[in-house]
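Written below as C-alpha cells is the structure these notes are about.
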Amino acid sequence: MPELPEVETVRIGLKKLIIGKTIVNVSFDWPKSFPNDPQQTAAFILNARIQNVRRRAKVLMIDVSTDYSLVIHLKMTGQLVYRGEQTFGAGHPNDSLVGDLPDKSTRVIITFADNSQLFFNDQRKFGWMRLIPTLEIPNIDFMKKVGPEPLEPSFTLQVFQDQLLRRKNTNIKAALLDQTVVAGIGNIYADESLFMAGIHPKSIVGAIPKRRINLLHDSVVHVLQLSINKGGSTDKNYVNAEGKKGSYMSFAKVFRQEGNICPNGCGSIIEKIKVAGRGTHICKKCQKLYKVA
DNA sequence: CACTTGACCTGTCCGC
DNA sequence: TGCGGACAGGTCAAGT
C-alpha cells in the first residue's frame with residue numbers, strides 16, 4: 001500500500017525528525033527484514049550521523065555520515081515511525097494508528113543518541129531495510145531497472161508514451177503497475193488515474209488513442225500530487241513518520257468505492273473486478289475499453 | 001523476449 | 001463460537 005505519495009510523505013516527515021541525529025543502536029528480530037551482517041552493521045553505522053532522507057520510486061534512502069545508506073522498502077504493510085522527546089509520556093494523537101512501540105509487528109529499532117527511536121514495523125514481513133554504500137545504490141538491480149519519476153519535470157508525455165510502448169500488448173493496468181514503465185504507481189493510484197482518464201483497466205496499451213494516453217499522463221501526475229498534498233492514503237496500515245494517517249482515501253473516486261454511485265454522476269455503480277491479478281475498481285460506463293487499434 | 005502466475009507473510013473477514 | 005479459506009497487494013522468481 002505504501003505507494004509513491006505515502007513513501008514521499010514518510011520521507012518529508014523523517015527529514016524533519018531525524019536529520020543530524022546519531023545512531024547508537026540497531027536491533028532487529030526478523031533476519032529477512034534486516035538482512036545485514038550484525039558486525040558490519042555495527043562497524044558501518046554505529047555512531048554515524050543522519051545526513052539526508054531521499055526517495056526513488058517506492059524506496060527510501062537514509063544517508064549517514066559513513067557514506068552508507070539504509071535502503072528501505074515498505075512493501076505492503078511497512079511503517080517507519082519515529083518516537084522522540086516530544087512524544088514521550090504524551091500519549092498518542094487521535095489520528096494515530098500506532099500505540100506503544102515496539103509492538104508485535106516491530107522488526108527493526110534504531111536508537112539515537114538522544115534516546116529517540118525509529119521503529120520499522122511490518123506486519124506481513126514483506127518489507128526490508130538494507131545497509132548499502134551510498135554510491136552503490138544506483139547499481140542495485142531495482143534502481144537500474146526502475147522507470148522515470150512521474151513528478152519530475154522530465155516525465156513528459158513523450159517519455160510516458162515511449163515507456164508504454166514496451167508493454168503495448170498487455171493491459172494498461174499491468175503496464176502502470178510495472179515499475180520499469182513508471183516509478184511509484186501501485187494499486188490505488190493506478191485505479192484512480194485510470195478512472196480520471198476514462199480508460200478501462202483491461203484496455204490493451206497499444207489500442208489506446210493518443211489523446212487518452214495524454215489524459216492518463218496528466219491524471220497520473222494530478223492524482224499522485226493530490227495525494228502527497230493530503231498526506232497519502234490510509235487504507236489499513238499506512239501511517240506517516242509520526243504514526244498518523246493520511247487523508248487521501250476520503251478523496252478517492254473509485255478505490256474501495258465498490259457499491260457506491262459513480263462520482264461523475266453517470267448513474268452507474270462502481271464495481272470491483274480483477275485485473276492483472278489485483279482487485280480493481282471501475283465505473284463501467286465512464287471508463288472506455290480499448291481492445292483493437 | 002513478452003507476459004502471467006505464484007511465493008513471500010500475517011491479520012481480517014466471510015460463510016458454514 | 002470455531003474454523004477453513006479467500007483476500008489484501010509490491011516485487012521477484014519461475015513458468016508459459
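Over all directions, how big on average is the projection of the convex hull of the alpha-carbon atoms in chain A, in square nanometres?
Averaged projected hull area, Cα only: 15.5 nm².
Relative contact order for chain A: what is it in percent, counting Cα pairs under 8 Å that are at least 6 residues apart? Walk me through the numbers on the way to the answer.
Working: 607 pairs, mean separation 60.7, N = 293.
Over chain A, the number comes to 21 percent.
Once you have the Cα-Cα distance between residue A:54 and residue A:67, take 0.36 nm times their residue separation minus that, and quote the gain in nm to one decimal.
Length gained between residue A:54 and residue A:67: 3.3 nm.
Beyond 26 Å, how much of the Cα-Cα pair distribution for the range A:157-282 remains, as a whole percent?
20
In nm, what is the difference between 0.36 nm times the number of residues separating residue A:19 and residue A:266 and their Cα-Cα distance?
Between residue A:19 and residue A:266, full extension yields 84.0 nm more.
Sort A:27, A:233 so that the residue with the fewest other Cβ atoms within 10 Å of its own Cβ comes first and the one with the most comes last.
So the residues, fewest neighbours to most, are A:27, A:233.
Using the Cα atoms of the range A:96-201, I'd like the radius of gyration and the largest Cα-Cα distance, Dmax, both in angstrom.
Taking only Cα atoms of the range A:96-201, I get Rg and Dmax of 18.5, 55 Å.
Where in chain A are the DSSP H helices whose alpha-carbon span along the long axis reaches 18 Å or more and whose Kyte-Doolittle mean is at least 0.0?
A:4-18, A:210-229
First obtain the Kirkwood hydrodynamic radius of the range A:1-129 from its Cα pairs, then insert it into the Stokes-Einstein equation at 37 °C and 0.692 mPa s, and state the resulting D in µm² per second as a whole number.
Numbers: Rh = 14.8 Å.
The estimated diffusion coefficient comes to 222 µm²/s.
Among A:73, A:217, which comes first, second and so on when ranked by fewest other beta-carbon atoms within 10 Å?
The most exposed by this proxy come first: A:73, A:217.
Could you give the nm distance between label points at residue A:124 and residue A:145, where each point is 7 Å from its Cα heading toward the beta carbon?
1.9
Provide the gained length on full extension for the span residue A:207 to residue A:32, in nm with one decimal, where the gain is 0.36 nm per separating residue minus the Cα-Cα distance.
This chain segment gains 58.8 nm when fully extended.
With a 10 Å Cβ neighbour count serving as the proxy for reagent exposure, in which order, fewest first, do A:191, A:141, A:114 appear?
Final ranking by Cβ density, sparse to dense: A:141, A:114, A:191.
What residue among A:121, A:264, A:25 has the largest mean-square fluctuation in a Gaussian network model of chain A, using Cα springs under 10 Å?
The residue that fluctuates most here is A:264.
R0 = 22 Å: FRET efficiency of residue A:218 with residue A:162, Cβ-based, nearest 0.05?
It comes to 0.85.
Any read-out appearing in this document is the output of simple, stated calculations on the displayed coordinates, not a laboratory observation. Here the structure is a predicted model, which means the values were calculated and not measured. Cβ coordinates were reconstructed from backbone atoms using ideal geometry, including for glycine residues, and neighbour counts include every protein chain displayed.
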